[in-house]
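Comments concern the structure below.
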Amino acid sequence: MKRYLFLITLLTALTGRIIAQSVTVDATIDSLQILIGEQAKIKLQVSLDTDKRAILPAYTDTLVRGVEIVDIAKPDTQMLNDGRRSLITQEYTVTSFDSALYYLPPMEVLVDNKAYRSKALALKVYSMPVDTLHPDQFFGPKSVMKAPFAWEDWYMSIACAVLFVPFLLLLIYLVKRIRDNKPIIRKVKVEPKLPPHQLAMQEIERIKGEKVWQKGQSKEYYTELTDAIRTYIKDRFGFNALEMTSSEIIDKLLEMNDKNAISDLRILFQTADLVKFAKHNPLMNENDANLINAIDFINETKEKEDENAKPQPTEITIIEKRSLRTKILLGAGIVALTAALAGSLIYIGLELYNYFA
């Protein structure tokens, strides 16, 4: 009987202990002694039922005065007893830079607003031992060592140096062009120079082919025909017939040529003046006759061609004028090249300074 009573009492005590210890908080440290600057890890473990909620202690950067927190690991949760219990593990990495014996107070964990504490810990921090009896074994600080030379570190500088010269020449070229305001492209076309009578005959053939007099445009017809004759006279005889009246042209030609060729020209000019100033409406055969008179005058007064003479060339220069858009592009190119060259110089200078400093 006494034996059974003892077993019942023991079982009751164990059950009560389990119930009382449904939440356990334990803290351990991996090293009780460290040197100044070394690190130690404090492991906090909380065992509780899975239906309970635990709030672990939150530290900023100091555990106690003199002991600093270097890192706080992410909490790890492990399920036990078929998921009825959970074990939460939290690691704190600490260090100290003052030699002393530190008292680490219990860590407090809140479980369902009830506080549970771990046991207190201790940490002994030693200073670095110094052998004062052999001062010759102390060595001063090492000088800064230069990094070994590597071509890979200079590829960008070499590229900037290689491109610097052509970019500089291009910049000088653009600045010169924008300052003298000269076109960038100039085209020269060489064509043979035709004699005055051939140019006049080409113009008369054009007028003849258009037949504007048949459309009732007599004034336009005679204006074009007399302008062609005036241009021929200017190139053939050397005076500005384009600025002279018909009578002035006839008087000037009488001093230089025979009267038979000029008589036909006089009839042409008289008819043209009547059409332009008196609104005269000539007949069809009269228009054809005046066209023939113009051709006869050219053929009778033209210079005789030398079969052995070579055609005189003339140069026609076509210049592309610089537009506002071109000027803006030139200015933008100058700014971009200037910035690139300045950046290249600064970059190369800094690289050389860092290498030799």
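The values are calculated or read from the model by the stated rules, or taken from the named source; none is laboratory data. Note that the structure is predicted; figures quoted are calculated from it, not measured. Every residue, glycine as well, gets a Cβ built from its backbone with ideal geometry; the counts of neighbours run over all protein chains shown. All accessible areas refer to the heavy atoms of the entire protein, side chains included, with ligands and DNA or RNA removed. Shrake-Rupley method; radii C 1.70, N 1.55, O 1.52, S 1.80 Å.
A few points about this structure:
- Qualifying residue in the range 99-106 (condition: loosely packed, with under 11 Cβ neighbours inside 10 Å and touching a residue at least 40 places away in the same chain (Cβ under 8 Å)): no
- Yes/no for residue 273 being at pLDDT below 80, part of a helix (DSSP H, G or I) and touching a helix residue (DSSP H, G or I) at 6+ places or on another chain (Cβ under 9 Å): no
- Filtering the range 337-357 to residues that are loosely packed, with under 11 Cβ neighbours inside 10 Å and closer than 23 Å to residue 148 by Cα leaves 353, 354, 356, 357.
- Selection of the range 63-98 for residues being within 19 Å of residue 126 (Cα to Cα) and either in a strand (DSSP E or B) or open to solvent by 30 Å² or more (accessible area, probe 1.4 Å) (or both) yields 63, 64, 65, 67, 68, 69, 70, 93, 94, 95, 97, 98.
- Note on the range 207-247: among residues that are part of a helix (DSSP H, G or I) and basic (Lys, Arg), the one that is surrounded by the fewest Cβ atoms within 10 Å (Cβ to Cβ) is 215.
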